[in-house]
Each structure stands twice: as C-alpha cells, then as structure tokens.
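Read the structure below first, then the notes.
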Amino acid sequence: MSALPHVNDSLCGVMGATPTPVGAVVRGLVAGAIGTAAMDTLLFARYRRGGGTSRFRDWEFSTGLSTWEQAPAPAQVGRRLFEGLFERRLPPTRARLVNNVMHWAYGTLNGAQYGIVASSLRRTRIRYGLPFGAAVWAGDYVILPAAKLYEPIWKYDAKTLGNDLSAHVTYGLATAAAWRLLSA
C-alpha cells in the first residue's frame, strides 16, 4: 500500500488508462505538439520540393522574419492579442518570436481540446483525427477572414485550399495517433 495514495491516483489520471480532466488536457497538449511537428514536417517537405533552400531549423523558427508586413497569420494574431491586452506596440523585431509562439501554442492548445473530447469517448480511433484536422482548418477560414488576416475562403483556388486542408488533416491524424499512443 502506498504511503501517498493520492499522489499515485493523480499520476494515474495523467498517464493511466482513464484520464482525469487534467490528464486529458496534458495528453492532448503533448499530442497537439506532436501533431504540429508532423504538420510542419509535411509543410517543410513541400517547401523544399518547391525549391526552398533553408535548413529545417531556419524554416521552422522563421529565421529572417523581421517585419510585421511579411509576418504570417500566427504572428499577426499574436501581435493583436499582445497590443490589445497590454496597450503597447510590439516592435517588428518580435515578429519571429511571436510567430513561433503562436503557431506552437495554437497547435498544442487545439490538441488539448482534442484530448478533452477524446477522453469522453468510449474508444478513440486514429481516424477521428480526420474530422478534427478538417475542423481546425475550417475554423481558420472563418476566424482569420473575420480578423482581416485571410481572404474569404471562396477567393482561394482549389489547390491552395487542398494543400492547406491536407496539412491540417495530417495535423489531426498525428494528434489522434499520439493521443492513442499516450493513452495505451
């Protein structure tokens, strides 16, 4: 008998077969990070096939990003959140950092949401990553145009939308697979 049964119980909730709510969130965060890494690996492979020459580390961490004008949507969202919350301007030298923090935070936090839902299911399946990834993709095409960071979805060509959807489905499947492994 353990001298500290409450400690063993809480650890079981984080990594055991039936997760507690906190355990579901922790597993989801880890699974979301793995899903984000899988998505980035796919996007980097496409970048290289398209003629890109940067090393993975430089590409992944936005080396060379130094202005808000060239910053992608994650950096723009982060900038707006920071400036709205703290009522201070964020210098362009922070674009690179904000882009990376927001990209990884978005992927891991969506994974936490997946973990909460998946932990309530009788049995999780990797194929549940398909609708999950598609839902994250669709949400981007609702939120980002409303924030005036993307054009409305109908202004993009099918190839752009398909490439973006397949990257998000990769994220969803990798997140679901990681969740399943972490739950085994």
*Name the most mobile residue of THR41, THR67, THR170, meaning the one with the largest mean-square fluctuation, in a Gaussian network model of the chain with Cα contacts below 10 Å.*
THR67
*Between ARG127 and TRP154, what length comes free when the chain is fully extended (0.36 nm per residue of separation minus the Cα-Cα distance, one decimal in nm)?*
7.0 nm
*Indicate the helices, whole DSSP H runs only, in the chain that combine a mean Kyte-Doolittle hydropathy of -0.5 or more with a Cα extent along their long axis of 18 angstrom or more.*
21-49, 73-86, 95-119, 129-146, 158-183
_Charge dipole (debye, nearest 20) of the chain; +1 at Cβ of Lys and Arg, -1 at Cβ of Asp and Glu_ = 280
*Determine the per residue accessible area of the chain with all protein chains present and a 1.4 angstrom probe, expressed in square angstrom.*
60
*Here are several values of Rg and Dmax of the Cα atoms in Å: (1) 18.6, 64; (2) 16.6, 49; (3) 36.5, 123. Which one was derived from the coordinates shown?*
(1)
_Within segment 87-184, trypsin sites (Lys or Arg not before Pro) in DSSP loop having at most 13 other beta-carbon neighbours inside 10 Å_ = ARG88, ARG89, ARG122, ARG123, ARG125, LYS148
*For the chain, what is the calculated [θ] at 222 nm in deg cm²/dmol (nearest 500), taking -39500 (n - 2.57) for each run of four or more DSSP H residues and dividing by its residue count?*
-23500 deg cm²/dmol
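The values are calculated or read from the model by the stated rules, or taken from the named source; none is laboratory data. Just so we're clear, the structure is a prediction, and the values are computed from it rather than from any experiment. Quick reminder, even Gly has a Cβ in these numbers, built from the backbone with ideal geometry, and neighbours come from all protein chains shown. We work out accessible area using only protein heavy atoms, side chains counted, and drop any ligands, DNA or RNA first. Shrake-Rupley method; radii C 1.70, N 1.55, O 1.52, S 1.80 Å.
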